[in-house]
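J.: A single structure is presented below for examination.
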Amino acid sequence: EDLGAKFICKRRPIEESPDFLNDTLHVYGVDRLSTAEIMAYFGEYSPKYVLWLDDSSGNVVFHDTSNARRALFNLCVQIRLPPPKAAAPPTEGGEPEAEAQPAAAEAAPVYDPHWRRGPDYTKSGLT
């Protein structure tokens, strides 16, 4: 997904695991933020610490599941995915055209089931 910014590290893939950490939120795109700034951002929800995974992402661990969920739903919004492209009609030779067109009928919005987005954070004139 193009988030409209350049990050030091690529976004990590989601590991499908039954061992979810319900007291933890994964954050990505925090390249220019310090641990103290991340802790302050989530401060109202009692974070315990940030476990850095690389220069662009980390896990914010909270004191309990309730605070992690409240932070997720109060500070972040769902990410709307682009509409699916309709299949291109075949040409006279039977091959579909190179570029598919957007679906004619406006489909119901589709949201990313795994990721949410927080507000932009400006630091030193950069967003």
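The values are calculated or read from the model by the stated rules, or taken from the named source; none is laboratory data. All of these numbers come straight from a predicted model, not from anything done at the bench. When we count neighbours, we look across all protein chains shown, and the Cβ atoms used for this are built from the backbone with ideal geometry, even at glycine. Remember, those area values only see protein heavy atoms, side chains included, never the ligands or the DNA or RNA. Shrake-Rupley method; radii C 1.70, N 1.55, O 1.52, S 1.80 Å.
J.: Checking the condition modelled with pLDDT of 90 or more and under 18 Å from A68 (Cβ atoms), which residue from I14, I38 passes?
T.: Numbers: I14 fails: modelled with pLDDT of 90 or more.
Sole residue among the options that is modelled with pLDDT of 90 or more and under 18 Å from A68 (Cβ atoms): I38.
J.: Which of the residues that make up the range 23-74 are in a helix (DSSP H, G or I) and crowded, with 18+ Cβ neighbours inside 10 Å?
T.: Looking only at the range 23-74, we keep the residues that are in a helix (DSSP H, G or I), and these are 35-41, 43-45, 65-74.
I38, Y41, Y45, N67, A68, A71 - these are the residues of the range 23-74 that are in a helix (DSSP H, G or I) and crowded, with 18+ Cβ neighbours inside 10 Å.
J.: Also, I was wondering about something else. Restrict the check to the range 75-94 and report whether at least one residue is small (G, A, S), modelled with pLDDT of 85 or more and open to solvent by less than 50 Å² (accessible area, probe 1.4 Å). Before you say what the answer is, go through the steps one by one.
T.: From the range 75-94, those small (G, A, S) are 86-88, 93-94; that's our starting set.
If we keep only those that are modelled with pLDDT of 85 or more as well, we get none.
No: the range 75-94 contains no residue that is small (G, A, S), modelled with pLDDT of 85 or more and open to solvent by less than 50 Å² (accessible area, probe 1.4 Å).
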